[in-house]
Amino acid sequence: MTDLTNAIVLVTGANGGLGAEFVQQALDRGATKVYATARTPRTWDDERIVPLVLDVTSQASVDAAARAAADTTIVVNNAGVGGSSPLLDTSVEDVERIFATNVFGALRVAKAFAGSLRGGALVDVHSVLSWIALGAGYSASKAAFWSLTNSLRLELAPQGTQVVGAHLGYTDTGMTADLDVEKADPAVIVAAIWDAVEAGEHEVLADQISRDVRAGLSAPLVALYPGLAAAV
């Protein structure tokens, strides 16, 4: 388990939505400093929050952030981009753009900060769409990120780093602003994730839809994708 008391936390994609909740709730749980990173960091009114430029798609930017925040003990890989247009209607270049942030950017951050996380934690923010392909390129990127997290968990275990994969459904953030669906409260989702970190969990299913889909992965494909039965 990883105690947030006196922790030094770095959050990617910290400007709003889930990111801002990760920042504030880390402080509420006793973190002494939070690096709030983004391509263009926002202004914060708490001296415990350190805005830091970080573009996860740039190795130079990631390396610079790792030097500036070398005292980090917990990293939250929260930065991500959307993109759910059908794959056949989307250019390969656009799918590569999604992977550049959601997969390779997160991996860059994990690699750059691995040495700082001995005895600490890496939190990777996935999605229920890691397990069900309703988001096209976005789903594919989150599935790949989930697999990377599972590998990183094994590789970082010998140095005492807790790696937590967090799965969640639609949450009320800027990324889902245009979707007319039921959405979870970001504060509730982040609280569940921090609870899992402090409890020593490897994975957190932060809402009911994530729990339901995870439980159904052993079912036949037509149970996950009813449309397949109708298409045959």
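See the values below:
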{"read-out": "Placed amide H near residue 81: partners under 5 Å, 5+ positions off or other chain", "value": "102"}
{"read-out": "DSSP loop GluC sites (Glu not before Pro) with at most 12 other Cβ within 10 Å: longest gap in the chain", "value": "48-181"}
{"read-out": "Residues in the stretch 29-44 reached by a label modelled at residue 191 [backbone nitrogen below 19 Å; 7 Å Cα→Cβ]", "value": "29-31"}
{"read-out": "Long-range HN-HN contacts of residue 169 with modeled amide H, under 5 Å", "value": "128, 207, 210"}
{"read-out": "The stretch 9-80, accessible surface, carbon-and-sulfur percent (1.4 angstrom probe)", "value": "48 percent"}
{"read-out": "Å² of accessible area per residue within the chain, as computed with a 1.4 Å probe and no ligands counted", "value": "47 Å²"}
{"read-out": "Candidate residues 142, 111: accessible-area rank, largest first, probe 1.4 Å", "value": "111, 142"}
{"read-out": "Karplus-derived HN-Hα couplings along the stretch 29-46 (A = 6.51, B = -1.76, C = 1.60, θ = phi - 60°), whole Hz, x at Gly and Pro", "value": "8, x, 4, 8, 7, 10, 7, 9, 9, 6, 4, 10, x, 7, 8, 10, 10, 10"}
{"read-out": "Top of 61, 130, 141 by mean-square fluctuation, Gaussian network on the chain, Cα under 10 Å", "value": "61"}
{"read-out": "Heavy-atom SASA rank of 104, 113 (probe 1.4 Å, accessible area, largest first)", "value": "104, 113"}
{"read-out": "At least 27 Å along the helix axis (C-alpha) and Kyte average at least -0.5, DSSP helices within the chain", "value": "136-156"}
{"read-out": "Trypsin sites (Lys or Arg not before Pro) restricted to the stretch 20-91 and DSSP loop, no more than 15 other C-beta within 10 Å", "value": "39, 42, 48"}
{"read-out": "Mean residue ellipticity (222 nm) of the chain, computed from DSSP H runs ≥ 4 via -39,500 (n - 2.57), nearest 500", "value": "-11000 deg cm²/dmol"}
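The values are calculated or read from the model by the stated rules, or taken from the named source; none is laboratory data. Treat the numbers as computed from the prediction; the structure is a model and nothing was measured. Cβ atoms come from the backbone with ideal geometry, glycine included; neighbour counts cover every protein chain shown. In case anyone asks, the SASA skips ligands and DNA or RNA and just uses the protein heavy atoms, side chains included. Shrake-Rupley method; radii C 1.70, N 1.55, O 1.52, S 1.80 Å.
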